[in-house]
Amino acid sequence: MIFEDIEGFAGAVPSGRGLLGIDLGTKTIGVALSDRLLSVASPLETIKRKKFGLDAARLLEIAQGREAGGIILGLPRNMDGSEGPRCQSTRAFARNLEKLTELPIGFWDERLSTVAAERALLEADATRKRRAEVIDNVAASYILQGALDRLRHMRAAT
């Protein structure tokens, strides 16, 4: 099931299971995973995109192998908050993925996640080659960490 808001998504995630974070690019898919306490996101891998069926199969294989309880997809809004063609593509990917899994799927605004990931890698003195190899899964971890922080804030408020 797809959830437009993080509150609905939070209610559908089983306790004691981590989340998969996804940065959906045109050529690659960055994948991150959280711990079971939903406190820390870690970069996991970058998938070279082929076609939807193969990409989805790999994502669901990771989700099953890591016993993920839900999926957070980065939603690439424009800087003014509007949605353009990349958002439409991400939403279509989510609708197609929803047909293949019972896992709840949520969206998280990914504006500037790649910029933040690039900055972190530069500060870590990563080489240009290394940055290119890991930028997508590091961006996925920034996306997922944003959602985790919001979920933690929601739990603290109750």
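The values are calculated or read from the model by the stated rules, or taken from the named source; none is laboratory data. Computed from a predicted structure; not experimentally measured. Because the Cβ atoms are built from the backbone with ideal geometry, glycine has one as well, and the counts that use them run over all protein chains shown.
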Exercise for the section: Could you check, for the range 65-77, whether at least one of its residues is surrounded by 17 or more Cβ atoms within 10 Å (Cβ to Cβ) and assigned to a helix (DSSP H, G or I)? Expected result: no
Practice task
Confirm whether Ile22 is in a helix (DSSP H, G or I) and among the β-branched types (Val, Ile, Thr).
Solution key: no
Fill in the blank from the handout: Output for Cβ contacts, cut-off 7 Å, separation at least six or different chains, first residue basic (Lys, Arg) in the range 35-46, second part of a loop (DSSP other than H, G, I, E, B) and buried (at least 18 other Cβ atoms within 10 Å of the Cβ), reads Arg36/Gly18
Completion exercise
Those residues of the range 32-54 which are surrounded by 16 or more Cβ atoms within 10 Å (Cβ to Cβ) and in contact with an Asp or Glu (Cβ under 6 Å, 6 or more places away or on another chain) amount to Thr46
Handout entry: Residue pairs meeting the criteria (Cβ under 6 Å; at least 6 apart or on separate chains; first without any contact (Cβ under 8 Å) to a residue 60 or more places away in the chain, in the range 2-17; second of a type in the set (Phe, Trp, Tyr) and surrounded by 11 or more Cβ atoms within 10 Å (Cβ to Cβ))
Key = none
Handout entry: Pick from the range 1-31, criterion among the small types (Gly, Ala, Ser) and closer than 20 Å to Arg155 by Cβ, ranking: surrounded by the most Cβ atoms within 10 Å (Cβ to Cβ)
Key = Gly21
Handout entry: Check on Ala126, among the aliphatic types (A, V, I, L, M), farther than 18 Å from Ser34 by Cβ, modelled with pLDDT of 70 or more and surrounded by 11 or more Cβ atoms within 10 Å (Cβ to Cβ)
Key = no
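Does Ala57 meet the test of being over 17 Å from Arg152 (Cβ atoms), surrounded by 19 or more Cβ atoms within 10 Å (Cβ to Cβ) and of a type in the set (Gly, Ala, Ser)?
no
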Practice task
Quick one: Phe107 ticks every box in (1) part of a helix (DSSP H, G or I); (2) surrounded by 19 or more Cβ atoms within 10 Å (Cβ to Cβ) except a single one, so which number is it?
Solution key: (1)
